[in-house]
Amino acid sequence: MDKQIKQMALAAVKRSGRMLKKAYTKFNRLDVSLKSNHEILTKADLMSQEIIIREIKKHFPGHGIIAEEQANRESGSGYVWYLDPLDGTTNFSMHNPLWSVSLALAKQDELIFGLVCAPMLEDIYTAEAGQGAFLNGRKINVSGIRQSKVLNLFCHGSKDADIKKAMAYCRRQKLNQLDCRQLGSAAIELGYVAAGRAESYVAPGIKVWDVAAGVLLVREAGGRVTDFKGRDWRLGGPNIAASNGQAHRQILRAVGVK
Ligand code: IPD
Ligand code: CA
């Protein structure tokens, strides 16, 4: 992969991270607007998006961009960026440091680069197709943990059906496994699976910008990412199950229960 792509992405995300960190420390919970009855938006989401999109357009004007808070930009170049300028906006708004910036690049619909930056944790995850996954420059791998010590993570989209599915999954895992937690940032949750800090992540009704970078992290760290039927997850797929591989069969069984 072109070195320039990685350098531009890192510089842009770090710049937005610095802005977000400042905004986070003085953020007032009342300064949010509602996108839907389950989703909020802050000025920080929009500012972060502006910083990163400006850099992409400057360096790669022919590339497409699909970002959470803007109309999508198609392109004929075969390259598309997937951006969540602030993943975990609710955490951000309540002064919970688990929020991140997630940026991925796909070429002809195959992920080739992923970057998740969690400024308050000082964690930067990167992955390049075929080159492995890294946390702050150190190679990471999924855990080898199976059965009784498995820690599961999950989240969900905003439709009622997705929330119900996620709640049923969480209930089942809580009753049968060590734990099942919702950390509130899909990108960080996938980073945790990649780094062996947790064993699985399941989400019905997720959006592509939430997970594109994290999917590459998990795959490059040796994990598995599928839909709920066990087929390889493809860009834009609404349902996602990611794991260290060992836990995969069990999580698919648990999310399949009505
Ligand atoms: C949200 C987070 C959350 C997930 C939601 C996402 P946002 O992203 O990733 O963990 O449960 O489905 O929308 O809105 O904070 O960018
Ligand atoms: Ca977001």
Column: log10 I(q)/I(0), Debye, Cα scatterers of segment 1-139, q = 0.17, 0.20, 0.22 Å⁻¹: -0.91, -1.20, -1.36
For segment 138-148, 3J(HN,Hα) per residue [Karplus equation, 6.51 cos²θ - 1.76 cosθ + 1.60, θ = phi - 60°, Hz, x = Gly/Pro]: 9, 4, 10, 9, 5, 7, x, 6, 9, 6, 4
Relative contact order (percent, whole number), segment 59-132, Cα cutoff 8 Å, 6+ residue spacing: 21 percent
Under Karplus coefficients 6.51, -1.76 and 1.60, residue-wise ³J(HN,Hα) of segment 58-75 in Hz, glycine/proline x: 5, 8, 9, x, x, 7, x, 9, 10, 10, 4, 9, 9, 5, 5, 10, 7, 7
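If R₀ is 22 angstrom, what is the calculated FRET efficiency for the pair ASP109 and LYS3, using the beta carbon separation as r and rounding to 0.05?
0.45
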Cα-centred dipole magnitude for the chain, charges only on beta-carbon of K, R (+1) and D, E (-1), debye, nearest 20: 560 debye
Accessible heavy-atom area order of LEU111, LEU151, highest first, probe of 1.4 Å: LEU151, LEU111
Kirkwood Rh, Cα atoms: Rg over Rh of segment 151-254: 0.91
Interchain or long-range residues, amide H under 5 Å from ALA198's placed H: VAL193
Nitroxide proxy distance, nm - points 7 Å out along Cα→Cβ at GLN131 and LYS164: 4.5 nm
Accessible surface, per residue, of segment 105-258 when the full set of protein chains is kept, probe 1.4 Å, Å²: 45 Å²
For the chain: relative contact order, % (alpha-carbon pairs under 8 angstrom, 6 or more apart): 16 percent
Mean residue ellipticity (222 nm) of the chain, computed from DSSP H runs ≥ 4 via -39,500 (n - 2.57), nearest 500: -11500 deg cm²/dmol
Portion, in percent, of the accessible area of segment 112-249 that falls on carbon or sulfur, probe 1.4 Å: 47 percent
Residues with amide H under 5 Å from that of LEU178, placed H, sequence gap 5 or more: VAL150
Cross-link table LYS58/LYS207; LYS58/LYS165; LYS21/LYS58; LYS6/LYS174; LYS107/LYS164; LYS43/LYS149, entries beyond 31 Å C-alpha to C-alpha: LYS58/LYS165; LYS6/LYS174; LYS107/LYS164; LYS43/LYS149
Scattering curve values for the chain, log₁₀ I(q)/I(0), Debye with Cα scatterers, q = 0.08, 0.13, 0.17 Å⁻¹: -0.28, -0.77, -1.32
Rounded to the nearest 10 Å², the accessible area of VAL32 at probe 1.4 Å: 50 Å²
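The values are calculated or read from the model by the stated rules, or taken from the named source; none is laboratory data. Since the structure is predicted, the reported quantities are computational estimates derived from the model, not experimental observations. We place every Cβ from the backbone using ideal geometry, glycine too, and count neighbours over all the protein chains shown. Each accessible area value is taken on the protein alone, full model and side chains, heavy atoms only, with ligands, DNA and RNA left out. Shrake-Rupley method; radii C 1.70, N 1.55, O 1.52, S 1.80 Å.
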